[in-house]
1. Tally the residues that are part of a helix (DSSP H, G or I), crowded, with 20+ Cβ neighbours inside 10 Å and out of contact with any Gly (no Cβ under 8 Å at 6 or more places or on another chain), restricting the search to segment 286-295.
2. Within segment 53-83, work out how many residues are β-branched (V, I, T) and either more than 19 Å from G31 (Cα to Cα) or surrounded by 18 or more Cβ atoms within 10 Å (Cβ to Cβ) (or both).
3. Mind listing just one residue for me: the one in segment 183-239 that is part of a helix (DSSP H, G or I) and touching a residue at least 40 places away in the same chain (Cβ under 8 Å) and, of those, surrounded by the fewest Cβ atoms within 10 Å (Cβ to Cβ)?
4. Kindly indicate whether any position in segment 653-668 is among the charged types (D, E, K, R) and within 28 Å of A463 (Cα to Cα).
5. Would you point out the residue of segment 571-620, among those that are within 27 Å of R455 (Cα to Cα) and aromatic (F, W, Y), that is surrounded by the most Cβ atoms within 10 Å (Cβ to Cβ)?
6. Taking T353 as the residue in question, decide whether it is in a helix (DSSP H, G or I) and hydroxyl-bearing (S, T, Y).
7. Given the conditions (1) touching a residue at least 60 places away in the same chain (Cβ under 8 Å); (2) assigned to a helix (DSSP H, G or I); (3) among the acidic types (D, E), and given that D625 satisfies all but one, which numbered condition is not satisfied?
8. Among the listed residues V383, V344, V372, V329, identify the single one that is without any contact (Cβ under 8 Å) to a residue 60 or more places away in the chain, surrounded by 15 or more Cβ atoms within 10 Å (Cβ to Cβ) and at negative phi.
Amino acid sequence: MRAPQSLPEAIDVALDPAEILKRALDHHRAGERDEAESLYRRILEADPREPTALYLYGLFNMETGQVEVAERLLSQLVEVRPGNAEAHVALANLTYGRGRHEQAIAGYREALAIQPGHPVALVNLASILLERGFVDDGDFDGAIDVCRAAIALLADPAPAHTVLGRILLAAGRIDEAAEAYRAAVARSPANLAALAGLALALIGGGDGEAALGAADTALALDPDCLDACHARGSALLVLHQPKAAARAFEHGVALAPAQARMHLGLGDAYAELDRTHEALKHYWRAAELEPASKSAHANLGSVLYRCGDLENAERHCRLALAADPNMVVVHQNLAGILADRGDVDQALHHRDTAYGLRNLVIERAPRARANVLVLTTSDSGNVPHKYLLPLDRYTRIDWFIEYARDGQAAELPPYDLVFNIIGDPDYADATEAPVAAFLQQCDRRVLNDPARVARTRRDLLPALLSGIGGLAMPKVARFEAAALAGRDLAAVVGFAGLTAPLLIRPIGSHGGRGLTLARTALDLEEVGGGGGLYATEYLDFRSPADGLYRKYRIIFVDRKPYPYHLAIADQWLVHYHTAGMPGDAERQAEELRFLADPRSALGDGAMAAVSAIGERLDLDYAGVDFSILPDGRVLVFEANATMLVHPEGEGEFAYKNPFVERITAAFQALIDRHSSGRADH
């Protein structure tokens, strides 16, 4: 408390306390603090229990930041006037501001017991119940009732509508929350909290465009409003505009670098843009700021898993599940991580948990040109479809069909056509029966007929492509785990008519995972076949001119060929991301020549053979990886539907993007042609 001030000379000490209080309040309202304080103190020196002076001088000290003095005065007031609602509200407001929520709640409840309709007590009680986390207490209904009572009594109910919207949003009552926020905005159009809350409620209801409008209205009033900035970024993510969302969240991070939600949103935007390292940076920061954030840990688990960091991915997945055992995406990621580690039983447990909770994932386009039902599997071997079916154009209904419930097909949301992305026959066993049952009653066009996909299995492909001139088809044999148990692999493959050198790969592997070149029979002794394997005749495909290895990829859309990439490497295991393409202008120039004119790059005969492969596969979407042997024949590595197509970021490989766009545009034209057509069985 500041040092006592003497009374102004103009004050007659003979004045009664009521007159002194009036003059003190006049000085208080006029901002004449020294004069006001002198008068308040004079009254309390004469009568330490004078209730009005205790109240007004308590408020005075709250305003000047003397909170301990204010609390002492207001506590005295409650003792003097225990039946006065305003006394309890004033003290509760102070303890609320000091973070003593339980004491504040008790004070507001005491005020409401005295005056059941006290509007300030009602609104503040509802607000504090929300902040304290009444979700854990199941006290939604009580808080909602408190707010509705305040709305009925307040001359300006906009703040109460805003708090009500927050409570309803936290309770998951999205439509009611939006209604409450709209009521707040109708009464107070410049209410930033209500506008931002309305945007979040509209996002929850799937109306991204209206949410963006509400957020932008708030930002027009205050460009640095954090809630509106966050709402704008979130709305843009819902509208599948990650570049614009990133800009909104970048602004939010600049304004509030210690807010985890801003880092989470920016991480989500970067992840959508495939800016993986930047996404990780902001997810890490979010987890540092809020160590208990299930979203931060779940997102870290997802991105780290995609980066191949299984150990850290698993750690963050388990932290997320500790916070929320029902996070579907976390169980999905753990299933993949554990499967990659060979823990089959635990992988199956998490997979069953994930798809038992949810086997239908709907991602809605804001203005969908078509609703596409995607038949998919929880296992590996799906067609990567992120860029084939962009969410700014198509609503995707991903159905993990091996977990289909009886009768679920009749409950599916409306769809225009079906895209079967179960592209690897090695993983089709679990889906074969439910897919067949569904197709029996499906009257929509189905892209990538499962029966045709089945013919692309590695050991069946040579027979499928037989008779096409200009092809070199290595011999392939498939060996189940039971056939290999306890037997010499060299003898087993020899009995199948194969001799080294051989490519040995686990059944179901992609991307070179587990692939080995056994150059001699002795090398085969080092190969394990615990889960079954393929053995493929190895043909040397080095170019005589420079000794380099080339792998071409052509994509077939509606059976027509489109060049996708050329990887040129110094060794036989050629994958684009490990080939020596970065920084090599000569190799990139050769790739560009192939993309611009594949017929000239390959030759007429090879191009004719590749085109014939597309016709023979007879799939709506597929691809072939191949090389050209010195004699001009096309050496087929694989031809199936599981071919990845994706745009490049801004950088040295951006020259590929026009050719990627040709592929995705052709596939989207196919979708558009058939989106309202019936199946042609």
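The values are calculated or read from the model by the stated rules, or taken from the named source; none is laboratory data. No experiment lies behind these values; they were computed from the predicted model shown. No Cβ is skipped: glycine too gets one built from the backbone with ideal geometry, and neighbour counts run over all protein chains shown.
1. Going through segment 286-295, the residues part of a helix (DSSP H, G or I) turn out to be 286-289, 294-295.
From what is left, the residues that are crowded, with 20+ Cβ neighbours inside 10 Å are 286-287, 295.
Right, trim to out of contact with any Gly (no Cβ under 8 Å at 6 or more places or on another chain) and you get 287, 295.
So the count comes out to 2.
2. Going residue by residue through segment 53-83, those that are β-branched (V, I, T) are 64, 67, 69, 78, 80.
Now drop any that are not either more than 19 Å from G31 (Cα to Cα) or surrounded by 18 or more Cβ atoms within 10 Å (Cβ to Cβ) (or both), which leaves 69, 78, 80.
Summing the residues that are β-branched (V, I, T) and either more than 19 Å from G31 (Cα to Cα) or surrounded by 18 or more Cβ atoms within 10 Å (Cβ to Cβ) (or both) in segment 53-83 gives 3.
3. E209
4. Checked against the condition, which is being among the charged types (D, E, K, R) and within 28 Å of A463 (Cα to Cα), segment 653-668 yields no hits at all.
5. Y576
6. So T353 passes the test.
7. Status for D625: all satisfied but (2).
8. Result: V329 is the single residue among V383, V344, V372, V329 that is without any contact (Cβ under 8 Å) to a residue 60 or more places away in the chain, surrounded by 15 or more Cβ atoms within 10 Å (Cβ to Cβ) and at negative phi.
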